[in-house]
Structures are given as C-alpha cells and as structure tokens.
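Following: one structure in structure tokens, then a few remarks.
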Amino acid sequence: MPRTCRPARSRERATSPTFRLDDEVWLPLARASAEHTPPDSPDTAAERAATHPDSQDARVLTALLVAWPTDTWAAHTVLPHAHALFRDAVRADGHAYPDAVARLREALINAGELDLARPPTESG
C-alpha cells in the first residue's frame with residue numbers, strides 16, 4: 001500500500017470507504033478544494049487541520065472555513081478548532097505573522113472572535 005494511504009478507521013470519515021489520505025497529501029488538496037467549494041463536513045476538516053499548527057495549508061484551510069461557513073452550525077463547530085490552531089500557530093511563530101496566520105487572524109476577527117484573534121502582548 002502506498003505511504004500516502006492507510007486503512008480508514010470506522011470512526012473516521014474518509015474520502016473513500018477503504019482508505020484515507022495522509023495529512024501531508026490531504027491538507028493541500030483540502031485547502032485548494034475549499035477555495036472553491038466548502039467541504040461536506042467543515043468541522044471534521046477543521047479538526048484535522050488543527051493538528052498541524054506549523055502547516056500553511058492548515059492555516060489557510062481553517063481561515064477559509066471560518067470566513068465562509070456553510071451554515072450557522074458549521075461556524076460554531078469550526079471556531080473551537082480555529083481558535084486552537086491560531087493559538088498554536090502564534091506560539092510556534094512568536095510575533096511574526098506569516099500570511100497564512102494573518103489570514104486566519106483576520107477570519108477570526110471578521111467572525112467576531114476579537115479576544116482570541118489579538119496577538120499576544122510581550123511580557124516584561
């Protein structure tokens with residue numbers, strides 16, 4: 001079996017009933033797809049992306065899911081994952097905001113999540 005595929009667990013959603021793409025392959029594909037069409041299960045996509053705070057694709061994908069929610073329920077289920085990803089990305093990158101972190105920050109601000117979207121203050 002190729003390295004990019006592994007058997008899907010019964011509790012996991014997969015794009016096929018028999019395999020699931022590794023995240024290193026799935027993330028760029030999911031991001032590119034979300035730029036045109038939101039995923040069927042945005043909460044699952046956001047949850048999966050949130051496990052990769054160092055990935056530019058995960059940050060952009062999550063920003064797209066926050067900026068263009070499919071419905072009110074989707075927005076509520078995506079936001080906790082977006083918050084976690086943003087906090088982890090800020091911790092990993094310090095105060096430098098690469099474009100993808102800035103895009104996620106802007107999406108959170110536009111979604112009304114002002115407190116969580118503020119950059120951390122430097123403590124003495």
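Listed peptides 79-87, 27-35 appear in the order 79-87, 27-35 once ranked by packing, highest mean of other Cβ atoms within 10 Å at the front. Using R0 = 41 Å, the C-beta based FRET efficiency linking residue 76 and residue 25 works out to 0.90. Scaling the Cα radius of gyration of region 13-86 by the globular reference 2.2 N^0.38 Å produces a ratio of 0.99.
Take residue 99: with every protein chain present and a 1.4 Å probe, its accessible area is about 140 Å². Close amide H partners of residue 20, meaning residues 5 or more places away or on another chain with modelled amide H under 5 Å apart, are 6, 8. Look at the alpha carbon pairs under 8 Å that are at least 6 residues apart: their mean separation over the length of region 19-114 gives a relative contact order of 29 percent.
The values are calculated or read from the model by the stated rules, or taken from the named source; none is laboratory data. Model, not experiment: these values are computed from the prediction. Cβ atoms come from the backbone with ideal geometry, glycine included; neighbour counts cover every protein chain shown. Only protein heavy atoms, including side chains, enter the accessible area calculation; ligands, DNA and RNA are left aside. Shrake-Rupley method; radii C 1.70, N 1.55, O 1.52, S 1.80 Å.
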